[in-house]
Each structure stands twice: as C-alpha cells, then as structure tokens.
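Engineer: Sharing a structure here in structure tokens format.
The values are calculated or read from the model by the stated rules, or taken from the named source; none is laboratory data. Remember, it's a predicted structure, so these values are computed and weren't measured experimentally. Positions of Cβ are generated from backbone atoms using ideal geometry, with glycine treated the same way; all protein chains shown enter the neighbour counts.
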C-alpha cells in the first residue's frame with residue numbers, strides 16, 4: 001500500500017499484483033480523534049522522561065469511561081506502526097531518553113514526512129512541546145523526540161509531559 005498526500009488530504013493506493021497497478025483503495029483517509037492503541041518500545045521505560053512514564057501508566061489503567069486500558073502494539077518500524085495507527089487510531093511515541101536526550105528519529109527524513117501525512121489526515125505530531133512541522137532544522141541529521149497520532153491521545157501525553165517534566 002502506498003499512502004500519499006499532495007497537501008490536500010491523504011489517500012491510500014493498494015497494489016493489484018495481477019494487473020501490476022496501484023488503485024485508489026482508501027480515499028481521504030482520516031485519523032480518528034482518539035484511539036485504543038499506543039506504540040512505544042517499553043523496553044526503554046527506565047530511561048523515559050517522567051511525563052512519558054505517567055502517560056504509559058495512564059494507558060494501562062482500567063477505566064470504562066475512556067475505554068482503557070489501551071492496547072500496546074509496537075512493531076519496531078515507524079512506518080508500520082504509523083500506518084496501523086492511521087487506520088485504527090492510536091499514538092506512536094519515540095521519546096527522548098536518558099541516553100538520547102535529543103531523541104533518535106531524524107527530523108528531516110523520518111519525522112517530517114510522517115508528521116505531514118498525520119496532519120493531513122487530521123492527526124497531530126509533536127516533539128513533546130511543539131509541532132514537528134514548525135521545528136526549524138539546524139542540521140541535516142538532526143534528531144528529535146516524536147509523538148504522533150490521534151489528536152486526543154497526543155494532547156494527553158503532551159499535558160503529562162508539561163506537568164511532570
């Protein structure tokens with residue numbers, strides 16, 4: 001599947017191998033405002049900022065009103081995790097850590113393209129404080145923390161980051 005945007009929404013094209021062509025299979029894809037999935041490498045939990053740790057505990061709490069606990073799904077591939085969350089709703093989190101305080105994902109060629117698609121589909125992408133697409137690059141391989149997904153979920157983690165960090 002190819003997910004594509006020219007700045008006028010997000011469209012998905014699926015390859016039909018019998019014809020060797022891509023056809024429009026998902027027109028005007030929209031990110032659900034909320035989701036039930038969070039994607040993060042929890043193996044690094046001890047190195048996460050306090051706000052991220054609090055958000056993960058929030059995701060794991062039982063609360064019928066908010067349909068928690070959320071499901072943890074982490075493939076380990078930014079594109080695969082992003083794609084699943086785009087279709088079903090959710091959040092992808094790759095925060096700074098004690099050993100990588102600037103984050104690990106590259107702003108220009110990992111975070112910016114995904115953030116563009118996310119915003120075009122009605123979602124949100126931040127570095128914990130500001131929109132990814134508002135960050136002015138200072139170097140080619142600049143790294144940043146990355147939070148993207150359903151707007152309500154990104155707002156929740158941002159609030160916890162602001163409160164506890």
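Engineer: Being crowded, with 19+ Cβ neighbours inside 10 Å, under 17 Å from the mean Cα position of the chain (by Cα) and not assigned by TED's automatic domain parsing to the domain that holds residue 144 narrows it down to one residue among 52, 10; which is it?
Structural biologist: Of 52, 10, the one residue that is crowded, with 19+ Cβ neighbours inside 10 Å, under 17 Å from the mean Cα position of the chain (by Cα) and not assigned by TED's automatic domain parsing to the domain that holds residue 144 is 10.
Engineer: Only one of 102, 119 is in contact with a strand residue (DSSP E or B) (Cβ under 7 Å, 6 or more places away or on another chain), closer than 19 Å to residue 156 by Cα and surrounded by fewer than 21 Cβ atoms within 10 Å (Cβ to Cβ); which?
Structural biologist: Testing whether each residue is in contact with a strand residue (DSSP E or B) (Cβ under 7 Å, 6 or more places away or on another chain), closer than 19 Å to residue 156 by Cα and surrounded by fewer than 21 Cβ atoms within 10 Å (Cβ to Cβ) leaves just 119.
Engineer: Next up: Being at pLDDT below 95 and in contact with a strand residue (DSSP E or B) (Cβ under 7 Å, 6 or more places away or on another chain) narrows it down to one of 70, 74, 92, so name that one.
Structural biologist: 74
Engineer: Let me ask another. Would you pick out the residues in the stretch 99-110 that are within 9 Å of residue 145 (Cβ to Cβ) and not in a loop (DSSP other than H, G, I, E, B)?
Structural biologist: Residue satisfying the conditions is 105 alone.
Engineer: Further question on the same structure: With the requirement that a residue be in a loop (DSSP other than H, G, I, E, B) and within 13 Å of the chain's Cα centre (by Cα), what does the stretch 120-165 give you?
Structural biologist: Within the stretch 120-165, 121, 122, 123, 127, 128, 145, 150 qualify.
Engineer: Assess whether residue 65 counts as being farther than 22 Å from residue 42 by Cβ and either in contact with a strand residue (DSSP E or B) (Cβ under 9 Å, 6 or more places away or on another chain) or in a helix (DSSP H, G or I) (or both).
Structural biologist: yes
Engineer: Within the stretch 76-94, does at least one residue satisfy the condition of being within 17 Å of the chain's Cα centre (by Cα), without any contact (Cβ under 8 Å) to a residue 40 or more places away in the chain, assigned by TED's automatic domain parsing to the domain that holds residue 38 and not in a helix (DSSP H, G or I)?
Structural biologist: Scanning the stretch 76-94 turns up at least one residue that is within 17 Å of the chain's Cα centre (by Cα), without any contact (Cβ under 8 Å) to a residue 40 or more places away in the chain, assigned by TED's automatic domain parsing to the domain that holds residue 38 and not in a helix (DSSP H, G or I).
Engineer: Could you tell me how many of the residues in the stretch 107-118 are under 12 Å from the mean Cα position of the chain (by Cα), within 12 Å of residue 134 (Cα to Cα) and without any contact (Cβ under 8 Å) to a residue 40 or more places away in the chain?
Structural biologist: 3
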